[in-house]
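Written below as structure tokens is the structure these notes are about.
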Amino acid sequence: ATERIELGTAVIPTWGHSPDVLAGQALTAQAASGDRIALGIGLSHEPSVEARYHVPFARPLRHMREYLDVLLPLLHERQVDVVGEIWSCTTEFVVPPSAAPPVIVAALGPKMLKLAGARAEGTILWLVGPRTVAEHIAPSINAAAEAAGRPAPRVVASLPVCVTDDPKGVRETVAMLLAGYNDLPSYRAMLDREGAAGPADVAIIGDEDEVAAGLAAFADAGATEFAAVEFTVNDADAARTRALLKSLAARG
């Protein structure tokens, strides 16, 4: 069992999780884990939401704003009384003492980045390359946080990572397994910003030096953290990837 590693969700779709129920679950997990939860939430995507829940993916910005109107008071004050157009809630919690978990909002577009910077602790990304972080993500969310008088936000980058002697083969596997992301408008927009044809082009794949350099590029771009998704196809690559990540994490 771990004692210090932060446990993050990336991400819980808001359309299928009532904010008051999620707040109670997050506070329970926070108390059980010794205050190590980071609560990553996001809108998901129109095709996924409408196919699964049979509801219209309408007014997503207002949806997230009102979701935070319920979620944040419950996490910080254990009570809420709010009436909105989409989300309303009046309740209070009696839960074990714990710190409010940081809320990290998945945000890619300018309006959602502005909301994340103004209301949340930061954002978590997926399939966003370093150039897009430097030119779009970091400037947008940092400006929003500064305007709101909030601390500098967390920018958590996340990509498939693999240390391997067969980068071409691994990239082909990434391209096959993640092909569906090409058809999701928000991800497609980020890939286009990066000049990437698809997910395989932004994945960090290669030998130890190449992967280390790829990760370092995100720190230079303005990401505060990197959540590696180990994407390996054999035990040898898995061991090398884990060893490199452990080594880099130990350096800080």
Item to complete: Would you mind stating whether residue 16 is surrounded by fewer than 17 Cβ atoms within 10 Å (Cβ to Cβ), more than 16 Å from the chain's Cα centre (by Cα) and farther than 16 Å from residue 101 by Cα?
Response: yes
Worksheet item: Applying the selection to the stretch 27-42, what residues are among the small types (Gly, Ala, Ser) and on the phi > 0 side of the Ramachandran plot?
Response: 34
Discussion item. Checking the structure you have, find out if any residue of the stretch 55-64 is at pLDDT 95 or above, closer than 18 Å to residue 156 by Cβ and out of contact with any Asp or Glu (no Cβ under 8 Å at 6 or more places or on another chain).
Written reply: yes
Discussion item. Condition check: among the acidic types (Asp, Glu), touching a strand residue (DSSP E or B) at 6+ places or on another chain (Cβ under 9 Å) and surrounded by 19 or more Cβ atoms within 10 Å (Cβ to Cβ). Does residue 207 satisfy that?
Written reply: no
Worksheet entry | Test: residue in the stretch 93-101 that is at pLDDT 95 or above and β-branched (Val, Ile, Thr) | no
Discussion item. Criterion first (modelled with pLDDT of 95 or more and closer than 30 Å to residue 219 by Cα) does residue 109 satisfy it?
Written reply: yes
Fill in: the stretch 99-154, subset among the acidic types (Asp, Glu) and over 22 Å from residue 60 (Cα atoms), residue farthest from the chain's Cα centre (by Cα)
146
Fill in: Candidate set: the stretch 37-94, residues that are of a type in the set (Asp, Glu) and surrounded by 19 or more Cβ atoms within 10 Å (Cβ to Cβ); chosen: the one nearest to residue 119 (Cα to Cα)
69
Worksheet item: Going through the stretch 221-239 one residue at a time, which ones are over 12 Å from residue 155 (Cα atoms) and out of contact with any Ser or Thr (no Cβ under 7 Å at 6 or more places or on another chain)?
Response: 228, 231, 234, 235, 236, 239
Practice prompt. Please find, within the stretch 202-246, the residue that is nearest to residue 182 (Cα to Cα) out of those that are of a type in the set (S, T, N, Q) and not in a helix (DSSP H, G or I).
Written response: 232
Discussion item. Would you confirm, using the coordinates I've provided, whether residue 238 is surrounded by 14 or more Cβ atoms within 10 Å (Cβ to Cβ), of a type in the set (A, V, I, L, M) and over 22 Å from residue 124 (Cβ atoms)?
Written reply: yes
Discussion item. What pairs come out if I take residues in the stretch 231-252 that are among the basic types (Lys, Arg) and pair them with residues that are surrounded by 12 or more Cβ atoms within 10 Å (Cβ to Cβ) and assigned to a helix (DSSP H, G or I) whose C-beta lies under 8 Å away, six or more apart or interchain?
Written reply: 240/208
Response to the item:
The condition of being modelled with pLDDT of 95 or more and touching a Ser or Thr at 6+ places or on another chain (Cβ under 7 Å) holds, among 202, 155, 174, only for 155
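The values are calculated or read from the model by the stated rules, or taken from the named source; none is laboratory data. In this text, all values refer to a predicted model and were calculated from it rather than measured experimentally. Because the Cβ atoms are built from the backbone with ideal geometry, glycine has one as well, and the counts that use them run over all protein chains shown.
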